[in-house]
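Values in this text are rule-based calculations from the coordinates and carry no lab data. Source: prediction; values computed, not measured. Neighbour counts run over all protein chains shown; Cβ positions are idealised from the backbone, glycine included.
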Amino acid sequence: MYTVKQLSRMTGVTTRTLRYYDEIGLLKPTRIGDNGYRYYDDKAALRLQQVLFYRAMDVPLAAICSIMSDPGFDVLAALQSHKAELNARQSHLEQLISTVDQTILHLKGQQTMKTAQLFDGLREQHNPHQAEAEARYGKEAVQASAQRWQSHSKAQQEELIAEGNAIFSELAAVMHQGAGSPPVQTLVARWHQHLRHFWPAEKEHLPNLAATYRDDVRFRSNFDKIDPDLAPFMVEAVCLYAAS
């Protein structure tokens with residue numbers, strides 16, 4: 001067990017912040033002693049690690065509370081998501097550093113750069129999920145998916161986007177019937193077929209994708225706009241579908 005002061009020294013989080021995390025229910029102490037001191041065990045320390053990972057990736061505290069208060073929150077899935085994003089950030093930073101180095105040499109007259117090369121690494125900001133997707137699924141798979149998507153006309157793409165939104169809205173409307181109910185499972189199967197228009201998703205890969213919807217704040221925020229319970233519900237429903 002660790003006291004507030006011990007946990008603070010070990011993590012760098014101030015005692016005031018730890019007390020605030022307790023107040024908002026984000027990190028409750030494992031027990032409170034007769035002397036009123038807060039004590040934290042290793043499980044609480046692991047939870048604090050998750051909080052700090054999300055903070056390091058600029059996730060707002062309110063969003064962290066929402067994600068981690070979910071009964072279906074999965075630490076391993078969250079760690080996998082963190083690793084994918086950190087790998088993507090590392091790759092992007094390495095590209096930026098390379099561009100800086102080459103530009104310095106270019107300005108010193110020691111190397112010539114084409115104008116387009118000045119923006120290597122900077123263009124990726126227009127598609128922030130690509131590097132992460134490549135880190136998680138492989139560059140070839142991501143490129144194949146992009147080609148499949150681009151093979152559709154603009155009108156077809158708009159129809160597919162509308163279809164995806166319709167599926168999620170319809171899922172929210174039938175959540176009360178249960179994850180294993182026929183209406184829900186029919187919609188999950190429809191979602192699976194919808195994915196095949198741009199991603200060759202096999203059944204066994206679907207739970208991980210659904211977990212990303214729940215645990216990655218960038219995706220979760222879109223689902224929360226429909227219904228705050230939709231993303232975790234999808235994980236349950238998709239797991240049942242994948243096991244059938």
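Applying the selection to region 77-100, what residues are in contact with a Leu (Cβ under 8 Å, 6 or more places away or on another chain) and hydroxyl-bearing (S, T, Y)?
Correct list: T99 only.
Give me the pairs, please: first residue somewhere in region 176-188 and touching a residue at least 12 places away in the same chain (Cβ under 8 Å), second residue anywhere and surrounded by fewer than 13 Cβ atoms within 10 Å (Cβ to Cβ), beta-carbon distance under 8 Å, and either six or more positions apart or on two chains.
V184/Q177; Q185/S244
Do any helices (runs of 4 or more DSSP H) entirely within region 199-244 hold 1 or more residues that are over 18 Å from the mean Cα position of the chain (by Cα) and on the phi < 0 side of the Ramachandran plot, and if so, which?
Working: elements: 206-215, 217-226, 230-243.
The helices (runs of 4 or more DSSP H) meeting that bar are 230-243.
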